[in-house]
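Peer 1: Structure below; questions to follow.
Derivation of every value follows stated rules applied to the coordinates shown; laboratory data play no part. For clarity, every value in this text was computed on a predicted model and none was experimentally measured. Please note: Cβ atoms are built from the backbone with ideal geometry, for glycine as well, and neighbour counts cover all protein chains shown.
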Amino acid sequence: MKLSIKVLVTGLLVLLLSLSVQAAADKKPMIQESATVTIEAKVEKIDRKTRQLTLKGKEGKSVTVTLDEKAGELDKIDVGDLVVIHYLESVTIQVFEHDKAEPGAVAAEAVAKSKPGEKPAGVAAEQASVIVTIESIDLTNDLVTLKSKNGELSTVKAQNPENLKKVKVGDRVKITYTRAIGYSVTEK
């Protein structure tokens with residue numbers, strides 16, 4: 001099961017990131033920032049009534065976590081088992097010509113977990129995108145004002161002021177946030 005959960009986690013992450021990273025034919029700016037973390041720890045103690053696990057990491061530090069019912073069956077976890085957690089967070093910002101994207105917002109999520117009777121494993125991923133319109137550009141102060149579909153205005157400072165020279169009022173900005181977490185428990 002460990003292999004199939006890893007394949008599932010990888011497949012979901014590739015799918016979600018491919019939705020976020022679209023090549024811009026018109027050379028408009030695109031920025032992507034992402035971070036991934038992998039944590040490995042051994043199970044030191046289990047309290048099945050409170051659903052608490054005490055985990056000890058490679059560096060010797062221990063932490064107690066309370067697992068939600070959705071995390072799987074605790075009766076399949078034993079002291080000494082290895083818990084591996086993968087976490088990904090990503091933000092993509094991409095600019096389009098005004099006629100290439102419509103303002104609005106969408107969100108999606110996907111969840112999968114191991115079958116009953118197997119060691120607990122699973123993945124949960126979510127992605128949200130919003131498309132806004134550039135309302136004004138202030139090159140002197142490196143600011144851009146964005147307008148949502150419902151008319152709300154937000155002014156932000158450009159991370160890379162050079163990108164402000166590549167956009168114009170009326171262009172659309174797609175901001176996509178992706179977060180995924182996967183975990184697996186393997187025998188000691």
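Peer 1: Order 160-170, 118-128, 58-68 from most to least packed using the mean count of other Cβ atoms within 10 Å.
Peer 2: 118-128, 160-170, 58-68
Peer 1: Where Lys and Arg each count +1 and Asp and Glu each count -1, what net charge lies around GLU187 among other residues with Cβ under 9 Å from its Cβ?
Peer 2: Around GLU187, the surrounding residues sum to 0.
Peer 1: Could I ask something else about it? So who's got an amide H within less than 5 Å of the one on ASP81, skipping anything under 5 residues away but keeping other chains? H placed 1.01 Å off N, in plane.
Peer 2: Under 5 Å from the amide H of ASP81 lie the amide H atoms of VAL43, LYS188, each far enough along the sequence or on another chain.
Peer 1: Could you compute the net charge surrounding ILE137? Neighbours are other residues with a C-beta less than 13 Å from the C-beta of ILE137; K and R count +1, D and E count -1.
Peer 2: 0
Peer 1: Could I ask something else about it? Lys and Arg at +1, Asp and Glu at -1: add these up for the other residues within a Cβ distance under 14 Å of GLY104 and post the number.
Peer 2: Combined, the nearby Lys, Arg, Asp and Glu give +3.
Peer 1: Give LYS61/LYS188; LYS100/LYS165; LYS27/LYS147; LYS58/LYS188; LYS58/LYS119; LYS58/LYS115 a once-over and call out the pairs whose C-alpha atoms are over 26 Å from each other.
Peer 2: LYS58/LYS115
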